[in-house]
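Notes to accompany the following structure.
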Amino acid sequence: SMKIGVLTSGGDSPGMNAAIRAVVRACEYQGVQCLGIYRGFQGLIEADFKELNARSVKNIINRGGTFLKSARCDEFKNSKGRKKAYDNLINENINALVVIGGDGTFKGATAFQKEFNFPIVGIPGTIDNDINGTDYTIGYDTALNTVVEAIDKIRDTANSHNRLFLVEVMGRDAGDIALNAGIGAGAEEILIPEQDMGLERLLESLDKSKKSGKTSSIVVVSEGDQIGKNIFELAENIEKNLKNYEVRVSVLGHIQRGGAPSCYDRVLASRLGVGAVDALLNGETNVMVGIVHNKVKLIPFAEAIKSSNQFDVSLVRVADIISI
Ligand code: F6P
């Protein structure tokens, strides 16, 4: 009989619990056993397992983080670690895996798959939205809402004190969070790694907006952006070059990873969780379940982890126009 193992790996994201819940319940619905694997690939190597049934995942659809816990696991990056993991799977009679995580997770899964030809299906869970072949990753929508809420608060102070705020947001090498939350929060400028703006142009733009009558501003800076990389230096540069600006920096940090998932993320996680179990039962492997134009689709891991550095130029145009 079939037995599916499920794990979450890499940075946690809101909605991972909802995804695990969907996987566990889809297994029960299909008459398949389900085993929870704690702490991602680390727990796979250490055989940190627990049987799960439909009732084990009650009261978690609304909770951020992942109750299975997560880890960034170095041991799984070498074949010795992966062999240990494989032996544990065989010992436990697990014959397929669902891995929930980001590109690091899918890279690990691909290596494992190549060595042992073991059935694995992935689910994209990361706030960064940096996975190819899916319009959205689980946790991204919640993170956007968290960032917008935080910037709304910062706006109060920016406005009261006539200040310029540089707000750093997460996203690793992807500007998706910055661009979309920046538009939603009404940012003056948005610095993203996909499009290097350069200090000169930023200074020019800030100078122009001051002259047009703006008294305060929010600049959203993606953590991966070149001129934003040292955000405190950027703040000093602005104060030095534009004498009439008082600048403050706010690094939002890990508040962006936590909190109750939005309804969108809960529905997405539920659809992808059910889709992952369906895929394994259909004999699929080495693929990620994603969402494209609101339809659940399968994408090969190799495609999913391709770094694309793509971004929506039309969104940048919108951002430029509405911040005039
Ligand atoms: O991938 C999610 C993410 O939060 C990125 O946005 C960020 O660059 C990174 O993880 C931070 O990782 P850690 O929590 O391990 O410091």
Distance in Å, no decimals, from the C-alpha centre of segment 14-57 to the one of segment 197-242 is 46
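In the P(r) worked out for segment 6-150, what percent of Cα pairs fall beyond 27 Å?
Result for the distance tail: 18 percent.
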Can you put 307, 70 in order, fewest other beta carbons within 10 Å first? 307, 70
So, in Å, what gap is there between the alpha-carbon centers of segment 289-305 and segment 96-139? 10
So what is the relative contact order of the chain, in percent, for Cα pairs below 8 Å that sit 6 or more residues apart? 23
Lone cysteines in the chain, defined as no other cysteine's Cβ under 4.7 Å from theirs: which are they? 73, 263
For peptides 159-172, 119-132, 286-299, sequence by mean Cβ density within 10 Å, most packed first: 119-132, 159-172, 286-299
Once the Cα atoms of helix 313-322 and of the chain are each reduced to a long axis, what angle between those two axes, in degrees from 0 to 90 to the nearest 10, is obtained? 40
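Subtracting the Cα-Cα distance from 0.36 nm times the residue separation, let me have the gained length for residue 3 to residue 50 in nm, one decimal.
Details: separation 47, 0.36 × 47 = 16.92 nm, distance 1.24 nm.
Once the chain is fully extended between residue 3 and residue 50, it gains 15.7 nm.
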Compute the long axis of helix 199-211 from its Cα atoms, compare it with the longest principal axis of the Cα atoms of the chain, and write down the angle in degrees, 0 to 90, nearest 10. 60
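Packing-wise, with mean Cβ within 10 Å as the measure, how do 43-51, 226-234 rank, highest first?
Ranked by mean Cβ neighbours within 10 Å, highest first: 43-51, 226-234.
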Per the Cauchy relation, a quarter of the hull surface: what is the mean projected area of the convex hull of the alpha carbons in the chain, in nm²? 16.4
Taking neighbour counts of Cβ atoms within 10 Å as a proxy for exposure, in what order, fewest first, do 73, 34 appear? 73, 34
Any idea what angle helix 103-116 forms with the longest principal axis of the chain, computed on alpha-carbon atoms, 0 to 90 degrees, nearest 10? 30
Most exposed to least, judged by fewest other Cβ atoms within 10 Å, 29, 86, 38 sort to 29, 86, 38
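Values quoted throughout were computed directly from the atomic coordinates according to the rules given, and no laboratory measurement underlies them. Just so we're clear, the structure is a prediction, and the values are computed from it rather than from any experiment. For neighbour counting, all protein chains shown are included, and Cβ atoms are generated from backbone atoms with ideal geometry for every residue, glycine included.
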